[in-house]
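Right, one structure below, let's go through it.
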Amino acid sequence: MSKSATLRSPEVLNRVIFTRLMPLLIAAYILAFLDRSNIGMAKERLEIDLGISATAYGVGAGLFFLTYALCEIPSNMIMHKVGARWWIMRIMISWGLISAAMMFVQGEWSFYTLRMLLGIAEAGLFPGVMYYLTKWFTVKHRAKANGMFLLGVSIANIIGAPIGGILLTMDGFLGMHGWQWMFLIEGVPACFLAILVWKYLPDGPRQAKFLSTEEAAWLEATIEEEEQAGASGASNYRLVDIVRDPQILLVVGVYFGHQLAVYALNFFLPSIIGSWSQMGSVEIGLLTAIPWVFSAIGALLLPRLAKTASMSKKIALGSMIDIIVGFIIGALGGPVVGLIGFCLAAFNFFALQPILFTYPATRLSGVGLAAGLALVNTVGLFGGFLGPYIMGFMEDLTGSGVSGLWLIVGVCAIGAFLIPFLKQGQESAIQQPVPSGK
């Protein structure tokens, strides 16, 4: 449309922005999550072909999150300076190449090294997009936008496990193992999608060809007013205020338990399912996808209801309790009941996560917001490091693939206790003047 066209209503603008931005961002996150978690399907073959133990596998799976976390804040600060389009493209090309290079793993140390490099390459993607979305969506619609982006995780696991199972059947083709083909074929597409990101993803509303000049100006002014009001209420004007704000620290604590649960299930569900009976890789892949179908449904249904501070808190608490109950059922149940438990937990994964990331955005602004979102994800992702390690260590110690779930249940229970104390920068929605329009 013309850059000088009449302003459309906020609801129409919101739909237009969703349509133009979210498919590309979701596609990027599908590939990102596929490439960081596809080792879950390769776990058994890596143990057989390379002699990598369950503990070593857990360490390697977790090392990705260690380097990812350490590089997140610098990455987000760079994106704040150079813009989303260029920086997300750079992230995608580097992680795609390194993910494909996982085909050259020879043992534990090369496995560790490439997982750490993959973490460095991908660092900043998630918090970067969380920050990017704050520049496009008001507080009312932000949880929904975050939830839609996180839909990429669910889709990646729905399609990734079956695709991984199929690719593993290529074992021996051209003298390569099936897991080598899986890493190669799943890593390269990120490099091609990066070109589309460079071409079609605008850095901000003023660079968007699908918004008029007046619409871009109104959107930026509205969001800036919300940010300033929230940061003013929380007294968060400086970078150092982030670590002084107990509310930000509460979000970090809850998110840590959430990430512990998500990645424990993500990396070890295929082997848990494989322990139930003798199954082929394709069957394991199809069963692994089932809980992630429920996670997609939860991501679509629940975050859009979190339009007020009170409702956000209720959904967050209910989701964490359901995750705990689901893991308990998964640990105690057998092939059928256990899978139902994991479906319950997964249904709530991406109801809770997008809501948590709305809290910093109501208490921080500017570069502090970019750094604050990265900090929350950085500390939370140490849960991503510890989750696989705990699961692998406990499996080697006890011989049971589900024994580590009990430690994760305990940490999530602490997170559930913290949620009632969460508060947004403003507990009531900010009323903004809206543009008249079509």
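The values are calculated or read from the model by the stated rules, or taken from the named source; none is laboratory data. Since the structure is predicted, the reported quantities are computational estimates derived from the model, not experimental observations. Note that each Cβ is placed from the backbone with ideal geometry, even for glycine, and that neighbours are counted across all protein chains shown.
At-a-glance table
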quantity	calculated
Filter result (modelled with pLDDT of 70 or more, among the polar types (S, T, N, Q) and within 22 Å of I73 (Cβ to Cβ)) within region 215-252	Q247
Filter pass, V12 being β-branched (V, I, T) and within 27 Å of G372 (Cα to Cα)	no
Residue in region 330-343 that is free of Cβ contacts under 8 Å to residues at least 40 places away in the same chain and either in contact with a strand residue (DSSP E or B) (Cβ under 8 Å, 6 or more places away or on another chain) or under 19 Å from Y255 (Cα atoms) (or both) present	no
Positions within region 112-133 being crowded, with 20+ Cβ neighbours inside 10 Å and more than 30 Å from L219 (Cα to Cα), in sequence order	L114, R115, L117, L118, G119, A121
Residue check, G175 surrounded by fewer than 24 Cβ atoms within 10 Å (Cβ to Cβ) and either out of contact with any helix residue (DSSP H, G or I) (no Cβ under 9 Å at 6 or more places or on another chain) or among the aromatic types (F, W, Y) (or both)	yes
Residue in region 367-376 that is modelled with pLDDT of 80 or more, closer than 28 Å to M311 by Cβ and among the β-branched types (V, I, T) present	no
Helices (runs of 4 or more DSSP H) fully within region 112-190 counting 1 or more residues that are under 28 Å from R363 (Cα atoms)	125-134, 139-168
Failed item in (1) on the phi > 0 side of the Ramachandran plot; (2) in contact (Cβ under 8 Å) with a residue 40 or more places away in the chain, with G172 passing the rest	(2)
Among residues of region 191-211, those that are among the small types (G, A, S), crowded, with 20+ Cβ neighbours inside 10 Å and not in a helix (DSSP H, G or I), counted	1
Cβ pairs under 7 Å, 6+ apart, first in region 11-24 and among the hydrophobic types (A, V, I, L, M, F, W, C), second part of a helix (DSSP H, G or I) and surrounded by fewer than 16 Cβ atoms within 10 Å (Cβ to Cβ)	L24/L196; L24/Y200
Residue check, T288 crowded, with 24+ Cβ neighbours inside 10 Å and not basic (K, R)	yes
Selected residue (criterion: modelled with the lowest pLDDT) from residues of region 377-419 that are among the hydroxyl-bearing types (S, T, Y) and farther than 14 Å from N266 by Cβ	T378
Residue that is surrounded by fewer than 18 Cβ atoms within 10 Å (Cβ to Cβ), over 28 Å from C343 (Cα atoms) and either among the hydrophobic types (A, V, I, L, M, F, W, C) or modelled with pLDDT of 85 or more (or both), where the choices are W136, W109	W109
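Residues checked against (1) modelled with pLDDT under 85; (2) assigned to a helix (DSSP H, G or I); (3) touching a Cys at 6+ places or on another chain (Cβ under 7 Å); (4) buried (at least 19 other Cβ atoms within 10 Å of the Cβ):
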site	(1), (2), (3), (4)
F268	yes, yes, no, yes
I273	no, yes, no, yes
F294	no, yes, yes, yes
K307	yes, no, no, no
G330	no, yes, no, yes
